[in-house]
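Below is one structure; the comments refer to it alone.
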Amino acid sequence: MPSILELAERVLKAFKHYEAFIFEASELAQVRELVAKSELTGLVVIRRVDPRYEDIYIMAPWSLDFEKDCLSKIQQLLAEGRLSPEEYKRKRLSLLEQCVNSMEKERARLIIGKLENYIKSIKGA
């Protein structure tokens, strides 16, 4: 089993390139420990990649709350008159998708920053 530092470096590299980390069930306990120690609780979600594959998990940015936030931002644009009702009908899904993608990228940057700080703290100790 890799050390927590090696795991943190792998997760950091994966988030920098793919904004997610895929791992096997044998590493699940260690990944959960890393999440707790690096203050990623609430920022990431850990789940099975596919129900058919019990041994493959993914750590990805927590994004369930983004859709509601984005929808309220889009509705605010409509209420302020910066978006016409016709544009709202035509572009709502596209605007929602762009907003969620943007927020996911921002969350991934936050996760990367926390991982870098955690790795620095381990190496400095």
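Just so it is clear, none of the values below were taken in a lab; they were calculated from the coordinates. Everything numeric here is computed off the predicted structure, so don't read it as measured data. Using ideal geometry, Cβ is built from the backbone for each residue, glycine included, and neighbour counts are taken over all protein chains shown.
Measuring how big the chain is from its alpha-carbon positions, Rg and Dmax come out at 18.0, 58 Å. Build a GNM of the chain with springs between Cα atoms under 10 Å apart, and of V31, V49, V11 the one that fluctuates most is V49. Loop-located GluC sites (Glu not before Pro) across region 1-98 with a Cβ neighbour count of 10 or fewer within 10 Å are E80, with loop assigned by DSSP.
Where is the GNM fluctuation largest for the chain (alpha-carbon springs, 10 angstrom cutoff): L115, L64, L43? Highest fluctuation of the listed residues: L64. Gain on full extension, evaluated as 0.36 nm per residue between D69 and A36 minus their Cα-Cα distance, stands at 9.3 nm.
In this rough spin-label picture, where each label sits 7 Å from Cα along the Cβ direction, the R109-A25 distance is 3.8 nm.
Legend: calculated FRET efficiency, S94 to K13, from the Cβ-Cβ distance at R0 = 25 Å, rounded to 0.05, equals 0.20.
Remark: relative contact order (the chain) = 30 percent; criterion is Cα-Cα distance under 8 angstrom and separation of 6 or more residues. For region 81-114, the set of trypsin sites (Lys or Arg not before Pro) satisfying both a DSSP loop assignment and a count of at most 14 other C-beta atoms within 10 Å is given as R82.
For the chain, the membrane-span-like helices by this rule, meaning whole DSSP H stretches whose C-alpha atoms cover at least 15 Å of axis and whose Kyte-Doolittle mean is -1.0 or above, are 4-18, 66-79, 85-124; this says nothing about an actual membrane. Pairs spanning more than 31 Å between alpha-carbon atoms, out of K13/K91; K73/K120; K91/K114; K16/K37; K16/K123; K16/K89: K13/K91; K73/K120; K91/K114; K16/K89.
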